[in-house]
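Undergrad: What follows is a single structure, and I will ask about it in a moment.
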Amino acid sequence: MTTTPAPAAAATPAPTAPAPTAAPVPTRAAPAPTRPGPPPRPRPRVLLASTAGSVAALVLLVVVGTVLDQPLLIPPLAASMALVAGAPDLPLSQPRSVVGGQLLSALTGFAVLAVAGPGLWGAAVAGGLALGVMMLARTPHSPAAATAVIVALQSPPLWSFLGLLALASLLLVVVGLGSARATGRTYPVYWF
């Protein structure tokens with residue numbers, strides 16, 4: 001007797017047990033962002049050397065201006081020196097920004113002066129445009145925007161103003177170098 005094999009049963013997967021679920025992991029709330037506080041108190045040596053450097057630089061501008069019989073100390077340069085002596089690691093304090101920002105802003109002021117003439121409206125435009133020019137040239141230096149305002153308000157002689165401004169800016173950088181050496185800080189972080 002011949003028997004025929006029984007048809008093969010369709011292979012069906014064996015029932016599987018549901019995958020065990022992991023116990024939920026408790027999530028920790030992200031720590032609340034901390035608000036920045038005031039900067040730490042400077043070391044006494046840094047405080048004294050930075051202050052002395054700033055005073056020395058501004059007095060030097062007065063001395064050189066007296067010798068040249070030209071005003072060399074203008075308010076934006078006092079703010080520039082505060083950055084150089086007080087925060088020498090900031091991009092705003094680097095020689096490229098101090099010298100370049102001041103000169104580009106002055107040129108911006110002279111350009112606005114040529115178009116609009118001296119006055120408050122032109123001074124406002126010059127100060128704002130100076131920011132854009134400095135950003136484009138990668139020479140950020142906020143005190144220099146005030147230099148553009150001064151130019152547009154007072155209409156100084158172009159070449160003598162630019163020459164004196166370049167000299168004053170370079171003197172600030174040189175004093176900043178000495179001040180940084182005295183405090184053990186690095187200045188400049190970069191030149192150009």
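The values are calculated or read from the model by the stated rules, or taken from the named source; none is laboratory data. Computed from a prediction, not measured in an experiment: that's the story for all the values here. Note: ideal-geometry Cβ built from the backbone for every residue, glycine included; neighbour counts use all protein chains shown. With ligands, DNA and RNA removed, areas are computed over all heavy atoms of the protein, side chains included. Shrake-Rupley method; radii C 1.70, N 1.55, O 1.52, S 1.80 Å.
Undergrad: Measure off 7 Å from each Cα along the Cα-to-Cβ vector at Trp121 and Ala137, then give the distance between these two points in nanometres to one decimal.
TA: 2.7 nm
Undergrad: Using θ = phi - 60° and the Karplus relation 6.51 cos²θ - 1.76 cosθ + 1.60, list the HN-Hα couplings for region 114-125 in order, rounded to whole Hz, with x at every Gly or Pro.
TA: Running phi through 6.51 cos²θ - 1.76 cosθ + 1.60 with θ = phi - 60° gives 5, 8, 9, x, x, x, 5, 4, x, 5, 5, 5 Hz.
Undergrad: Taking a label point 7 Å from the Cα of Val174 along the Cα→Cβ vector, which residues of region 43-60 have an amide N closer than 12 Å to it?
TA: Counting backbone N atoms under 12 Å from the label point, the list is 57, 60.
Undergrad: Name the shape class, rounded, prolate or oblate, that the alpha-carbon gyration tensor gives for region 66-173, where a ≥ b ≥ c are the square roots of its eigenvalues, rounded holds for a/c under 1.5, and otherwise prolate holds if a/b is larger than b/c and oblate otherwise.
TA: Verdict is oblate for region 66-173.
Undergrad: Let me ask something additional. Quick one: with all protein chains in place, what share of the accessible area of region 51-162 is carbon or sulfur, to the nearest percent (1.4 Å probe)?
TA: Answer for region 51-162 is 77 percent, counting heavy atoms of protein chains only.
Undergrad: I'd like to compare 38-50, 138-150: which one has the highest average count of other Cβ atoms within 10 Å, and what's the full order after that?
TA: Averaged packing, sorted descending, gives the order 138-150, 38-50.
Undergrad: Rounded to the nearest 0.05, what FRET efficiency do Arg28 and Ala87 have when you use their Cβ-Cβ distance and R0 = 35 Å?
TA: 0.45
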